[in-house]
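Data first, discussion second: the structure below is written as structure tokens.
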Amino acid sequence: MRPSDPRLGRRISALAVLCLSQAIGAIGLAAGAVAGPLLAAQVLGAPGFGPLTLGLLVVGAALSGPAATTAMRRWGRARGLAGC
């Protein structure tokens, strides 16, 4: 693609939106990973339950990976991400 191609501008703006949404999602995930154990320890009254929330976050991410991969292979990346 040449710099004068109008599609280049759309691709750059789509890439900017994708990068921004990934950054915002990462901030939310990090906040949940930090606040989850603190909240669990306070609500359940035992600090031993604090790491359980982070462990469940990791297990959930590990289990959702194959499902997301299958969806993207079946329906394509855009539809697979929209369905997950």
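Okay, here's what the table says:
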{"item": "Accessible solvent surface per residue of the chain, calculated while the other protein chains remain in place, 1.4 angstrom probe, Å²", "result": "81"}
{"item": "Summed side-chain charge close to Val17 - residues other than Val17 whose Cβ falls under 12 Å, Lys, Arg +1, Asp, Glu -1", "result": "+2"}
{"item": "Mean separation of Cα contacts under 8 Å (6+ apart) over length of the chain, as relative contact order %", "result": "14"}
{"item": "Tilt relative to the chain, helix 50-75 - C-alpha long axis, 0 to 90 degrees, to 10", "result": "30"}
{"item": "Computed P(r) (all Cα pairs; the chain; 5 Å bins; percent)", "result": "3, 13, 11, 15, 16, 13, 10, 8, 5, 3, 2, 1, 0"}
{"item": "Top positive-direction residue, dipole computed over the chain with Cβ charges, set Leu15, Ala33, Leu54", "result": "Leu15"}
{"item": "Estimated 222 nm signal from helices in the chain, with DSSP H stretches of n ≥ 4 weighted -39500 (n - 2.57), rounded to 500", "result": "-30000 deg cm²/dmol"}
{"item": "Lys, Arg +1 and Asp, Glu -1 on Cβ, resulting dipole of the chain about Cα centre, debye, nearest 20", "result": "600"}
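The values are calculated or read from the model by the stated rules, or taken from the named source; none is laboratory data. All values reported here derive from a predicted model rather than from experimental measurement. Heads up, the Cβs are rebuilt from the backbone with ideal geometry, glycines too, and the neighbour counts pull from every protein chain shown. To get the accessible areas, we keep the full protein, side chains included, count just its heavy atoms, and leave off ligands, DNA and RNA. Shrake-Rupley method; radii C 1.70, N 1.55, O 1.52, S 1.80 Å.
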